[in-house]
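Let me begin by presenting the structure, written as structure tokens, before commenting on it.
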Amino acid sequence: MSKKAEIVAMTESELNQEALIRAGEILKNGGLVAFPTETVYGLGGDALNPESSMKIYAAKGRPSDNPLIVHIARMEDLKKIVKNIPAKAMVLAEKYWPGPLTMIFEKSEIVPMETTGGLNSVAVRYPSDRIAQELILAGGGYVAAPSANTSGRPSPTTAAHVEEDLGSTIDMIIDGGSVGIGLESTIVDFTEEVPLVLRPGYISLEMLQETLGEVRMDRGLLITDEKTRPKAPGMKYRHYAPKADLTIIEGDEECVVKEINKRAEQNARDGKKTGIIATSETASLYHCDSIKVIGSRMEEETIAKHLYEVLRSFDDEDVDVIYSEAFYTPQMGQAIMNRLLKAAGHHIIQV
Ligand code: AMP
Ligand code: MG
């Protein structure tokens, strides 16, 4: 398969209706369209067509036991694809939909097993991005869309990232500029007695507990021994990983800076190039080959938004080793550290 994806640019305030209708036709005919959402770019196919889902796995090189999230753009469309909607899920939907929240329910018959990776449950999200909403409606209302990256690479936060990974395997890319949040949605599983967070995101555990009362975090996310596996199949894979070895250095700022500089100097003596993931507060304190400012600790959204871009950008430079500060920020810290730890293969050093 080697064709060139058509790239169409538009913004939420200036939609290109003609292109959206064409994109919808591509989806209805079993093709694939990448599109922006408020979290990351998605790779869309018709969620009710098993062949479209198979194509998504093939394009991404994604294991087919890793289920896809079904995207809807109207609240009333939910009941057709799920069997049972618990009252608490409705409360969350009212508060956070449309938005960066995915909920898991028992699936109805019309959702093919190919879309759910063989599971009897289905993950559903109603995104707030207008381009995403219009595309979903144009494509028939149910769009399966994992992140639009090659499996294992950092998720795409710009259309250029999508083109880099999938430009020659899919039909169309809608370029809506940089995404707003930059990390994938929070996933809450409602097939459990107590709602269970399978993936942290912009909406934190504390925010969910504030709305629902008891909510638990999947133990598989917190414990990384061999026996305790995350419940979401996708969370077990090494993911978001840059090509160079990434290590997180955690501790108070002064110690972290000192430790990273010490390691960078040793690497230089060994003939290895070092990259550093720093913040605007610390960047000037480091000495090494490549220093990337991920954002500011004063505005944690900037850190979330640039994480994947920074990880990707190291792939274009020939650094051998990367060090990152840790980012346990107030709201998104869980989500940022979940992704960063996976990118680092859980390699973290306390100083
Ligand atoms: P992505 O599409 O790349 O954002 O990844 C979707 C994530 O949702 C993966 O980690 C999947 O394993 C998870 N997921 C999707 N559907 C289900 C489901 N029915 N049960 C558990 N996890 C799911
Ligand atoms: Mg993904």
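The values are calculated or read from the model by the stated rules, or taken from the named source; none is laboratory data. What you are looking at is a predicted structure, and each value in this text was computed from that prediction instead of being measured. So basically every Cβ, Gly included, is an ideal-geometry build from the backbone, and we count neighbours across all protein chains shown.
Per-structure values
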read-out: Residue match in the stretch 75-94 (condition: in contact with a strand residue (DSSP E or B) (Cβ under 6 Å, 6 or more places away or on another chain), part of a loop (DSSP other than H, G, I, E, B) and either more than 27 Å from Ser178 (Cβ to Cβ) or free of Cβ contacts under 8 Å to residues at least 12 places away in the same chain (or both)); value: yes
read-out: Pick from the stretch 9-39, criterion touching a helix residue (DSSP H, G or I) at 6+ places or on another chain (Cβ under 7 Å) and of a type in the set (Gly, Ala, Ser), ranking: nearest to Ser147 (Cα to Cα); value: Ala34
read-out: Condition met for Ala268 (over 23 Å from the mean Cα position of the chain (by Cα), in a helix (DSSP H, G or I) and surrounded by fewer than 17 Cβ atoms within 10 Å (Cβ to Cβ)); value: yes
read-out: Every residue from the stretch 200-244 that is under 17 Å from Trp97 (Cα atoms) and either in contact with a strand residue (DSSP E or B) (Cβ under 7 Å, 6 or more places away or on another chain) or among the hydrophobic types (A, V, I, L, M, F, W, C) (or both); value: Pro200, Gly201, Tyr202, Ile203, Leu205, Met207, Leu208, Leu212
read-out: So Ala93, is it closer than 22 Å to Val40 by Cβ, under 22 Å from the mean Cα position of the chain (by Cα), at pLDDT 95 or above and surrounded by 19 or more Cβ atoms within 10 Å (Cβ to Cβ); value: no
read-out: Condition check for Val70: hydrophobic (A, V, I, L, M, F, W, C), in contact (Cβ under 8 Å) with a residue 12 or more places away in the chain, more than 16 Å from ligand 2 (Cβ to nearest atom) and not in a loop (DSSP other than H, G, I, E, B); value: no
read-out: Cβ-Cβ under 8 Å pairs, at least 6 apart or on other chains, the stretch 173-191 side over 13 Å from Thr11 (Cβ atoms) and in contact (Cβ under 8 Å) with a residue 12 or more places away in the chain, far side crowded, with 23+ Cβ neighbours inside 10 Å and among the basic types (Lys, Arg); value: Leu183/Arg339; Glu184/Arg199; Ser185/Arg125; Ser185/Arg199; Thr186/Arg199; Ile187/Arg199
read-out: Segments classed as helices (runs of 4 or more DSSP H), wholly inside the stretch 137-247, with at least 3 members that are under 23 Å from Pro86 (Cα atoms) and not small (Gly, Ala, Ser); value: 205-212
read-out: Considering residues of the stretch 218-237 that are closer than 22 Å to Gln350 by Cβ and touching a residue at least 12 places away in the same chain (Cβ under 8 Å) only, the residue farthest from ligand 1 (Cβ to nearest atom); value: Thr224
read-out: Filter result for Glu134 (among the acidic types (Asp, Glu), in contact (Cβ under 8 Å) with a residue 60 or more places away in the chain and in a strand (DSSP E or B)); value: no
read-out: Residue match in the stretch 216-225 (condition: within 16 Å of ligand 2 (Cβ to nearest atom), within 22 Å of Lys305 (Cα to Cα) and at pLDDT below 95); value: yes
read-out: Hey, Gly176 within 15 Å of ligand 2 (Cβ to nearest atom) and of a type outside the set (Lys, Arg) or not; value: no
read-out: Matching residues, the stretch 115-142, being closer than 25 Å to Arg312 by Cβ, within 14 Å of ligand 1 (Cβ to nearest atom) and not small (Gly, Ala, Ser); value: Arg125, Pro127
read-out: Ser128 being more than 15 Å from ligand 2 (Cβ to nearest atom), under 12 Å from Pro36 (Cβ atoms), not aromatic (Phe, Trp, Tyr) and not in a helix (DSSP H, G or I); value: yes
read-out: Cβ-Cβ under 6 Å pairs, at least 6 apart or on other chains, the stretch 311-333 side under 16 Å from Ala344 (Cβ atoms), far side among the basic types (Lys, Arg); value: Asp315/Lys243; Val319/Lys273; Asp320/Lys272; Asp320/Lys273; Val321/Lys272
read-out: Residue ID - farthest from Gly45 (Cα to Cα), chosen from residues in the stretch 153-166 that are of a type in the set (Gly, Ala, Ser) and more than 11 Å from ligand 1 (Cβ to nearest atom); value: Ala160
